[in-house]
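Chemist: Structure below; questions to follow.
The values are calculated or read from the model by the stated rules, or taken from the named source; none is laboratory data. Keep in mind that this is a model prediction, so the values were computed, not measured. Counting neighbours? That spans all protein chains shown, and the Cβs are built from the backbone with ideal geometry, glycine included. Heads up: the accessible areas ignore ligands, DNA and RNA and are worked out on the full protein's heavy atoms, side chains in. Shrake-Rupley method; radii C 1.70, N 1.55, O 1.52, S 1.80 Å.
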Amino acid sequence: MERITAIAGHYGSGKTEFSVNLAFDLKEKHDKVAILDMDIANPYFRSRERQKMMEDKGIDVIYNTFGFDITEDLPAISAALRGPLENKEFTTVVDVGGNDSGARVLKQFEKYFRQDDCRLLCVLNANRPETDSVEGMIDHLKSIEAETNLKFHGIINNTHLLRETTAADIVKGYELCSQVSDILEIPIAWNTCREDLLDDLKILIDERNIQGLENIYPIKLYMRPSWLDR
């Protein structure tokens with residue numbers, strides 16, 4: 001793991017869910033962990049919404065100058081974001097805004113994301129209309145790279161339908177992401193899988209003799225509001 005991991009992706013790709021999961025997992029191995037919420041373009045499913053949960057575990061959550069109050073929706077970010085990016089004692093997760101427009105904020109911090117201790121990852125969900133094909137995924141990746149003038153170091157296959165996700169969805173996403181990986185020469189960093197689907201995914205991999213579906217990353221659903229399941 002690099003010291004700084006920046007997570008970009010399409011709206012609805014699950015990048016924030018992954019970012020929060022990663023922050024919790026990193027905290028089990030590192031003393032100082034921070035998550036920087038740079039999503040000022042989309043008012044839904046932002047990592048700052050789980051601020052208390054993460055701070056209770058000792059994770060620093062930084063987004064705007066005013067903290068978690070009525071100003072949380074202001075389209076502005078705090079200069080305090082530079083702290084964990086500069087402080088080598090911190091292992092830092094950066095939750096980037098969705099699409100190329102949301103990723104534009106990275107330009108303000110470009111020097112940090114060009115360092116050797118940073119990697120930029122793109123979350124892809126093959127169940128989103130805009131990224132349900134190889135062509136759509138490539139267009140999405142290239143649009144963010146063009147907007148930020150940064151290159152992705154890895155792809156995260158996060159194909160899901162929230163609680164309706166099946167192991168077959170994950171496999172479908174892997175097959176598309178593999179083609180994208182080969183074309184763009186960007187490795188697949190992880191294939192996410194909801195924890196309760198791990199056994200189903202293993203069975204499907206064995207049944208279909210699927211080769212290369214590795215680096216499976218178990219995730220919890222921290223961001224989904226409980227009222228959606230009522």
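Chemist: Quick one: in the range 121-131, of everything that is crowded, with 19+ Cβ neighbours inside 10 Å and out of contact with any Lys or Arg (no Cβ under 7 Å at 6 or more places or on another chain), which residue is nearest to residue 92 (Cα to Cα)?
Modeler: 121
Chemist: Ok, one more. From the list 209, 215, which residue is touching a residue at least 24 places away in the same chain (Cβ under 8 Å), over 17 Å from residue 16 (Cα atoms) and open to solvent by 50 Å² or more (accessible area, probe 1.4 Å)?
Modeler: Going through 209, 215 in turn, the sole match is 215.
Chemist: Okay, moving on. Kindly indicate whether any position in the range 110-129 is among the aliphatic types (A, V, I, L, M), in a helix (DSSP H, G or I) and without any contact (Cβ under 8 Å) to a residue 60 or more places away in the chain. Give the steps one after another, and end with the answer.
Modeler: Quick first cut of the range 110-129, residues among the aliphatic types (A, V, I, L, M) only: 120-121, 123-124, 126.
In the following step, the residues that additionally are in a helix (DSSP H, G or I) were identified as none.
Checked the range 110-129: no residue is among the aliphatic types (A, V, I, L, M), in a helix (DSSP H, G or I) and without any contact (Cβ under 8 Å) to a residue 60 or more places away in the chain.
Chemist: So how many residues does the range 139-151 have that are in contact (Cβ under 8 Å) with a residue 60 or more places away in the chain and over 17 Å from residue 38 (Cα atoms)?
Modeler: 1
Chemist: I need a count of the residues in the range 197-225 that are farther than 12 Å from residue 162 by Cα and either of a type in the set (Ser, Thr, Tyr) or at pLDDT below 85 (or both).
Modeler: Residues in the range 197-225 being farther than 12 Å from residue 162 by Cα and either of a type in the set (Ser, Thr, Tyr) or at pLDDT below 85 (or both): 1 in total.
Chemist: Identify the residue in the range 132-162 that is touching a helix residue (DSSP H, G or I) at 6+ places or on another chain (Cβ under 7 Å) and in a strand (DSSP E or B) and, among all such residues, is most open to solvent (accessible area, probe 1.4 Å).
Modeler: Within the range 132-162, the match that is most open to solvent (accessible area, probe 1.4 Å) is 161.
Chemist: Here's a follow-up. Give 100, 69 a once-over and let me know the one that is more than 20 Å from residue 222 (Cβ to Cβ), at pLDDT below 90 and within 15 Å of the chain's Cα centre (by Cα).
Modeler: Exactly one residue qualifies, and that residue is 100.
Chemist: Something else now. Quick one: in the range 34-66, of everything that is in a loop (DSSP other than H, G, I, E, B) and modelled with pLDDT of 90 or more, which residue is least open to solvent (accessible area, probe 1.4 Å)?
Modeler: Checked the range 34-66; the qualifying residue least open to solvent (accessible area, probe 1.4 Å) is 58.
Chemist: Among the numbered conditions (1) more than 19 Å from residue 129 (Cα to Cα); (2) surrounded by fewer than 17 Cβ atoms within 10 Å (Cβ to Cβ); (3) among the basic types (Lys, Arg), tell me where residue 194 comes up short.
Modeler: (2)
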